[in-house]
Amino acid sequence: MHSTRKLWTWLAVICVLSFTVLGWVGTEIYLTAPPIPNQVVSTQGKVLFSEGQVQRGQEAWLAAGGQQLGTVWGHGSYVAPDWSADWLHRESLALLEIWAQKENKLSFEQLSTPRQGELKARLKEEMRGNTYDQKNGVITLSPERAAAVQLVTQHYVALFGNDPSLEKLREQYAMNKGSLPDPADLQALPAFFFWSSWAAAADRPGEEGLSYTSNWPHEPLVENTPTAGAGIWSIASVILMIAAIAGMIFYHSASKEESDPVPPKTDPLFDMKPTPSMLATKKYFFVVIGLILAQVGMGVITAHYAVEGHSFFGFPLAEILPFTVSRTIHTQFAVLWIATAWLATGLYIAPAISGYEPKFQKLGVNVLFYALLFIVVGSTAMGWLGSLQHKGNEFAFWIGNQGLEFTSMGRVWQILLFIGLLFWVTLLGRGLLPALKKPSESRGLIAMVFLAAMCIGGFYATSLTWGPHTHYSMIEYWRWWLVHLWVEGFFEVFATAVIALLFTRLGLIHAATANSAIILETIVFLFGGILGTLHHLYFTGTPTFVIAIGAMFSALEVVPLAMIGVEAYRNYQRSKAAAWVQSYKWSILCFIAVGFWNTVGAGLLGFSINTPIALYYMQGLNMTAAHGHAALFGVYGMLGIGLLLFCLRGLSARAAWSDKLLQAMFWLLNIGLAMMVFISLVPAGIYQAVASITKGMWFARSPEVIHSHLMETLVWLRVPGDVVFAIGTVCLALFAFRLLIAKKAANVSLNSSIPAKKTKQA
């Protein structure tokens, strides 16, 4: 610890400064977010939307599926439209048509080109004009625009209601009829969509040509185009990234890395006898595999809904499992199984590292397991029930499905999960405490594991920061604290430190080297990662400086990935260091795969959409899905599977171990993922990006594009990759089944546990 004190100091300084800036940005978003009007009225005094309807409309949309049913400001799912872009385009067309009919007695399309140009110029002035009165909280519209708003309102009331004439459109959007049975919700929903569209086009006070969402979405009719800042900061971020990568390469080439130690002649962990609490973690890993199977199954169903919005190969599955539910489970289970694998790994390694089994540790591990199982089953069942039976806004927020991507479970379940995570940190701390007290070369690594665990437990509190009436901009701000910082930040630090710790225990790397390397890697990662969170918030009603900060620091997130291939190659060499290392071959290869997908999924695909100018045109399109699949499963999923295999190696009868099944699992998962991403999702994303650039975001997300022959063909082209990937998960399940049915006699040696107080340190 003493030899790395400067690194720890730098880490602390960077974290404090970064979170201070991130907190300050949050206050600025709160102060300058698009105002929510008390009323929307015409100049003739007609009330279009009354006080509270915008907020109720937001709650209604979230209860109906929310970010699983299209997007607002680009965040959510990709089959239904982006409602802010869709409303903006529909209102613009309606207003042009009203003017044309009123003034020329012709449809807009029948007008001459010069006359159309005149009306388009007037449209820009009308739509970009900010008539919000801060004193009374009222937005005032011209009579013609008020009529256009009423026409679009009727469309959405019919769409989210039961109008049979829109059944085909609902199928294309993968939404069921009667999404909002409550008449008050149905009337309030258009108010929220109008407001999100108004904020996207209306100029900010004191600005010209700059809306509250920095002119997102792209809509040529109202001249919503990228700001100069989006282009400038994109260029600056690329330059900074290249310079930082060059600096990192120079640093690595100039510094002499200590060579790996001579590996032990035998496996240092071969004779380790698992403690009762370590044995109790075994069931966690089998549940993880069950969640993987469920997640993949829901992914297949969800992808198919992009072709048949209400059916699964002709069967009317949406009647009992609508798209909003299947996608919720698919995204939520992805986070849950990865997190469970990492949590269980922490509980497994704590006694192995410290050589100490705290009193009642096994009981705590078992209680936590059943508590987590209750949360997973309960939140899933209540989310499904609330969505299917339309239980209402209060039920959705507190017990059912909040409608927020990756953070969908109701508030009661979030509170229970937060308590569970704090309990996990307590169990982990009890197990690691002796090792933290004892001076050793590994103590820095152990401290990093525990600090990351504390952040995992503590930062989940960000899921409790928003309420049912919170401004949508602030919901997005806090949601990305959870999704980006919790999942992509501290969980990754935790897993990386655990891997380094495992390698030191196996004698494959020096503890002192690993200690310094992990702290330095964490510094580099969090320096870009904490403020890099803001790249998710470019166009969510935030100040323009968010684009500058987010662009520069998200570019720095790519920098450590530039050297990830070197580390992956070194890990590959370590897998051949001694004959006994082959026992951990597939765990190590999973860690190598993490390096590959970090470079490809998080690095190349991530940075392809992270610059402001790229994200302006591609937010909410399939390029985001390509990055999400490659990064979430390729990086975090393969990390989870690698840790799972390492732990099961020490918990299972060696005779039941099947390297053949693991070999098939490894290659099928990675090849299937690559096929899925590069044969289907990336081409679909590029096709949509062209549509977005040429005609606007509304067009890229319209049925004309989503259900075009090419796009539906690309959806079907997912099938080969999905099948290969699914077979890989089946191989993993068969591997686990072999371990489950292994004869009891083969596990006799494993059933003898070490004393409850102290044991020989592994």
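Computed values, structure above
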| read-out | value |
| --- | --- |
| Accessible surface of the chain [probe 1.4 Å, protein heavy atoms]: carbon and sulfur percent | 66 |
| With 10 Å bins from 0: P(r) over the range 45-160, alpha-carbon pairs, percent | 12, 37, 34, 16, 1 |
| DSSP-loop trypsin sites (Lys or Arg not before Pro) across the range 238-321, with at most 10 other Cβ within 10 angstrom | Lys256, Lys265 |
| Computed Rg/Rh of the range 566-657, alpha carbon atoms with Kirkwood Rh | 1.15 |
| Trypsin sites (Lys or Arg not before Pro) lying in DSSP loop within the range 126-159, provided at most 10 other Cβ fall within 10 Å | Lys135 |
| Crossing angle, helix 228-254 versus the chain [Cα axis fit, 0-90 degrees, rounded to tens] | 10 |
| Where the Cα pairs of the range 237-358 fall when distances are cut into 5 Å bins, in % | 2, 9, 11, 9, 8, 8, 10, 13, 12, 9, 6, 3, 1 |
| Alpha-carbon spread of the range 425-565, three principal axes, descending order, Å | 51, 35, 19 |
| Percentage relative contact order, the range 199-302, counting C-alpha pairs under 8 Å, at least six apart | 11 |
| Euclidean distance between Cα centres, the range 92-152 to the range 290-357, Å | 46 |
| Where the range 229-287 is the region considered: accessible area per residue in Å², 1.4 Å probe | 58 |
| GluC sites (Glu not before Pro) lying in DSSP loop within the range 42-104, provided at most 10 other Cβ fall within 10 Å | none |
| Helix 143-160 axis, angle to the chain major axis (alpha carbon atoms, nearest 10°) | 50 |
| Computed E for Arg654/His252 - FRET, C-beta separation, R0 41 angstrom, nearest 0.05 | 0.60 |
| For the chain: Kirkwood Rh in Å [reciprocal of mean 1/r, alpha carbons] | 27.3 |
| Inter-part distance where the range 605-659 and the range 500-514 are each reduced to a Cα centre, Å | 24 |
| Relative contact order [Cα under 8 Å, 6+ residues apart], the chain, whole percent | 18 |
| Lys391 accessible area, 1.4 Å probe, all protein chains in place, Å² to nearest 10 | 100 |
| Cα lying deepest toward the dipole's positive end in the chain, options Ala60, Leu417, Ala352, charges on Cβ | Ala352 |
| Added length on full extension, which subtracts the Cα-Cα distance from 0.36 nm per residue, Thr713 to Arg5 | 249.2 nm |
| Relative contact order (%) - the range 249-382, alpha-carbon pairs under 8 angstrom, separation at least six | 34 |
| Spatially proximal lysines relative to Lys120 (Cα-Cα < 21 Å; intrachain offsets below 8 disregarded) | Lys102, Lys105, Lys695 |
| DSSP bridge pairs, the chain: antiparallel proportion in percent, nearest 5 | 70 |
| Student exercise, the chain dipole from Lys, Arg, Asp, Glu Cβ charges, in Debye to nearest 20 | 3340 |
| Listed residues Ala689, Tyr569, Met552: farthest to the positive end of the dipole of the chain (Cβ charges) | Tyr569 |
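The values are calculated or read from the model by the stated rules, or taken from the named source; none is laboratory data. From a predicted model like this one, the values you see are computed outputs, not experimental measurements. Virtual Cβ from ideal backbone geometry, glycine too; neighbours counted across all protein chains shown. For the accessible areas, the whole protein counts, side chains as well, though only heavy atoms, and no ligand, DNA or RNA atoms are used. Shrake-Rupley method; radii C 1.70, N 1.55, O 1.52, S 1.80 Å.
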